[in-house]
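Since the structure comes first, as structure tokens, the remarks are kept for the end.
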Amino acid sequence: MLKTVIFSEVFMFAIRVFGDFLHVLSFAVLLAKLWRTKSCAGISGKSQILYAIVFTMRYLDLPVNISADAFYLSSMKVVYIAISFMIVYMIYGPYKKSYDRDQDVLYNEFLVVPCFVLALYSSYNASPIEVLWTFSIFLEAIAIIPQLDLLCKIEHVDGYVVCYLLALGLYRAMYLLKWAWLYYTTSYYEPIALFAGFVQTTLFALVFVRVFTMKQREQKSIYRVVV
């Protein structure tokens with residue numbers, strides 16, 4: 001019994017660490033694209049703004065709990081917030097000339113407002129921190145929508161963007177695995193996080209279908225040129 005508990009805890013920790021690694025990797029790939037290509041083409045600035053809002057709202061308790069939290073958790077929270085804002089700055093600052101402004105036109109208000117209203121009615125209690133945490137969970141689930149909308153309007157996406165989306169999708173898969181394992185071992189589940197996770201997974205599936213279609217079309221075009 002003790003061995004089973006230890007294995008379960010180690011497995012959960014491994015999933016969490018690997019998921020965080022994939023998340024940081026997605027940031028690293030995105031930054032690499034910006035620095036190496038000097039371009040933000042194919043990246044939705046609207047999605048990046050939403051992710052910056054997500055991490056800011058989710059970790060509002062960081063200044064209060066930083067001494068009580070494990071160093072690892074506090075460090076990851078700081079990294080997520082700092083890098084997300086750095087990416088937004090680079091898209092709308094140094095590399096704004098390459099930004100797909102004419103295609104990235106989905107209004108974030110249509111995503112933010114419903115998520116906030118839903119959080120007001122579904123959060124576990126009415127405290128501001130809890131409501132904003134719930135809001136961040138819902139918003140993260142649909143933050144990829146502007147990126148999906150942009151992918152549906154452009155004809156080419158480079159390898160950096162594909163790797164970024166792949167790492168981000170695998171990160172979400174790790175967290176679904178974590179929740180599945182937790183339910184299997186303890187019968188515990190968190191309805192809000194689970195619902196948001198399934199919504200996000202569905203949207204990422206659509207993203208990968210779109211990327212696959214684009215790559216297939218590019219390969220056919222190259223084949224026609226060669227032939």
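In angstrom, the C-alpha Rg and Dmax of the chain are 18.9, 65. The aspartates and glutamates whose alpha-carbon is closer than 18 Å to the alpha-carbon of Lys38, local same-chain residues fewer than 8 away aside, are Asp100, Asp158.
Solvent-accessible surface of the chain, taken per residue with a 1.4 Å probe and all protein chains present: 55 Å².
Cross-link check: pairs Lys77/Lys153; Lys33/Lys77; Lys97/Lys215 evaluated at a Cα-Cα cut-off of 30 Å; pairs beyond the cut-off: Lys77/Lys153.
Here the calculated FRET efficiency for Ala173 and Tyr89, from their Cβ-Cβ distance with R0 = 41 Å, stands at 0.90, rounded to the nearest 0.05. Within segment 115-133, find all residues whose amide N lies under 12 Å from a label point positioned 7 Å from the Cα of Asp61 along Cα-to-beta-carbon. In segment 115-133, the label zone of Asp61 (backbone N under 12 Å from the point 7 Å along Cα→Cβ) covers 124-125, 127-133.
Axis angle, to the nearest 10 degrees, between helix 128-142 and the longest C-alpha principal axis of the chain: 40 degrees.
Accessible-area rank, largest first, for His156, His23: His156, His23, with all protein chains present and a 1.4 angstrom probe.
Expressed as a whole percent, the accessible surface of the chain that belongs to carbon and sulfur atoms is 72, based on a 1.4 Å probe. Based on C-alpha pairs under 8 angstrom that are at least 6 apart in sequence, segment 83-227 has a relative contact order of 24 percent.
The residue among Val105, Gly197, Tyr160 whose Cα reaches farthest toward the positive pole of the charge dipole of the chain, with charges on the beta-carbon of Lys, Arg, Asp and Glu, is Tyr160.
The values are calculated or read from the model by the stated rules, or taken from the named source; none is laboratory data. On a predicted model such as this, the values are computed, not experimentally measured, just so you know. Reconstructed Cβ throughout: ideal geometry from the backbone, glycine too, with neighbour counts over all protein chains shown. In case anyone asks, the SASA skips ligands and DNA or RNA and just uses the protein heavy atoms, side chains included. Shrake-Rupley method; radii C 1.70, N 1.55, O 1.52, S 1.80 Å.
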